[in-house]
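The values are calculated or read from the model by the stated rules, or taken from the named source; none is laboratory data. Note that the structure is a prediction, hence the values are computed from the model and not measured. FYI the Cβ positions are ideal-geometry reconstructions off the backbone, even for glycines, and counts take in every protein chain you see.
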């Protein structure tokens, strides 16, 4: 039987952990957590569940994930965030995976559905989102990028059936707070790529983002949640270009000084 380690990086995840642990506890042979300084009951909850917990000062998503993977003793690592919860079909799929022969792949993508203001989105290009969440120990590493870290594998990638639920956003402000960081990172990336937008670039891209999500990818079928998802994605896109123009102005001012 394949031995499976569930790994997680945490900080103040007291609210999410009970649901997360109830799901992974049905498939994991061990649970490994790296905590970066929680001030709530995160560490207590994990240890009560039998998890191996280690403190490590925050060093970035990719670095923390790689450290957690290094603490795992399983043949395979299931790396899920605290707001990513295995659905029953994923639990069944992982049980079959553990009982089956050693796979030819080194990484498996798993599909997710996104929780957005009280609803799971089924349209708008948000479903399903296939992401690498299961990989052979020692066969892949997380690498840092400007916006999101990426899992880099030496071998081939397959797809594992079943869903996990991503409880992303409960409120508009929660989305906007996270989007501000993404917009800044996105602007920095565009600046490094030599992009030079005019005043209409931001509004044009934002309008397209809304139409693409809401009409072309049928976000309209998700009702109010679909409308908000498309609108907020458009807002993020606009802010990214606003920040890029600000960075360009600052760069010109620095050259003239």
Could you list, in sequence order, all residues of region 115-131 that are out of contact with any helix residue (DSSP H, G or I) (no Cβ under 8 Å at 6 or more places or on another chain) and in contact (Cβ under 8 Å) with a residue 40 or more places away in the chain?
-> 115, 120
Residues of region 114-150 satisfying the condition of being buried (at least 19 other Cβ atoms within 10 Å of the Cβ) and under 13 Å from residue 65 (Cβ atoms) = 133, 135, 140, 142
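With a cut-off of at least 1 residues that are under 19 Å from the mean Cα position of the chain (by Cα), under 29 Å from residue 82 (Cβ atoms) and touching a residue at least 12 places away in the same chain (Cβ under 8 Å), name the helices (runs of 4 or more DSSP H) lying wholly within region 155-257.
Values: elements: 172-192, 201-211, 223-256.
Because the criterion is at least 1 residues that are under 19 Å from the mean Cα position of the chain (by Cα), under 29 Å from residue 82 (Cβ atoms) and touching a residue at least 12 places away in the same chain (Cβ under 8 Å), the helices (runs of 4 or more DSSP H) in region 155-257 that meet it are 172-192, 223-256.
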Give me a count of the residues in region 161-212 that are over 20 Å from residue 117 (Cβ atoms), surrounded by 16 or more Cβ atoms within 10 Å (Cβ to Cβ) and not assigned by TED's automatic domain parsing to the domain that holds residue 250.
-> 1
